[in-house]
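Novice: Before anything else, here's the structure in question.
The values are calculated or read from the model by the stated rules, or taken from the named source; none is laboratory data. Everything numeric here is computed off the predicted structure, so don't read it as measured data. All Cβ positions, even for glycine, are placed from backbone atoms using ideal geometry, and neighbour counts span all protein chains on display.
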Amino acid sequence: MDLFEKRLFLVRHGETELNKSHIIQGQIDSPLTELGLRQAQEAGEKAKGLNIDILISSDLGRARHTAEIISKASGIQIERVDSVFRERDFGKFEGISTAELRKTYPQFVTDKDILILEHDFPTAESIKDFYNRIIKGIKGLMDEFKGKNILLVGHKGVLNMVYTYAYDIPLDKVRTVYDPINCAIENY
């Protein structure tokens, strides 16, 4: 399936308290910051001009809250909240800082405290399983809503997986070529 023939828009949730603190979130949640609330509002304003038909969100609170703000600002109703589009499960690393992780598992973090996504972390969802979950979910959306413009509110990892699929990038290169920012709307 060629995603470029479809009208798929993706947006990462607004900034959270844990983003600000460089804490690995994965599937745990954290409230949006004041900046995150503003980012979501701005994304909603931008969405008005995109002819979006369907708004879908991850079921994690930070994405759901972002989608609710986008919905209110744009007038686009949320069609579905779906656990398929959750962030990757980072297992025992969720809730700790990348700086702390570097002390114990330096091979998983860059010298700038950025998590290296292509690793399979102990007790976590593998990168391949995560990729397969997200791409299967995206293909399902595209089939279900043929001819519709879809806006999916998700997570950094979700956007990374779609990017690697769309541009045929090996999973071990994902972080070196694409680093989505909070509430920027990407089109595929």
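Novice: Just to be sure I understand the filter: pairs with C-beta atoms under 9 Å, separated by 6 or more residues or on different chains, first member in the range 21-40 and on the phi > 0 side of the Ramachandran plot, second member buried (at least 16 other Cβ atoms within 10 Å of the Cβ) and aromatic (F, W, Y). Which pairs pass?
Specialist: G26/F90; G26/F93
Novice: Restricting to the range 128-173, name every residue that is among the aliphatic types (A, V, I, L, M), surrounded by fewer than 22 Cβ atoms within 10 Å (Cβ to Cβ), in a helix (DSSP H, G or I) and out of contact with any strand residue (DSSP E or B) (no Cβ under 8 Å at 6 or more places or on another chain).
Specialist: Matches in the range 128-173: I135, A166, L171.
Novice: Does F90 fit the bill of being closer than 22 Å to E15 by Cβ, at pLDDT below 90 and buried (at least 21 other Cβ atoms within 10 Å of the Cβ)?
Specialist: Numbers: closer than 22 Å to E15 by Cβ: yes; at pLDDT below 90: yes; buried (at least 21 other Cβ atoms within 10 Å of the Cβ): yes.
So F90 passes the test.
Novice: Just need a number here: residues in the range 174-188 that are outside any loop (DSSP other than H, G, I, E, B) and within 21 Å of R64 (Cα to Cα).
Specialist: So the first thing to find is which residues in the range 174-188 are outside any loop (DSSP other than H, G, I, E, B), and the list is 174-177, 185-187.
Adding the requirement that they be within 21 Å of R64 (Cα to Cα) leaves 185-187.
Summing the residues that are outside any loop (DSSP other than H, G, I, E, B) and within 21 Å of R64 (Cα to Cα) in the range 174-188 gives 3.
Novice: Regarding R38, is this residue modelled with pLDDT of 95 or more, basic (K, R) and surrounded by 20 or more Cβ atoms within 10 Å (Cβ to Cβ)? Give the steps one after another, and end with the answer.
Specialist: Details: modelled with pLDDT of 95 or more: yes; basic (K, R): yes; surrounded by 20 or more Cβ atoms within 10 Å (Cβ to Cβ): no.
No: the conditions fail for R38.
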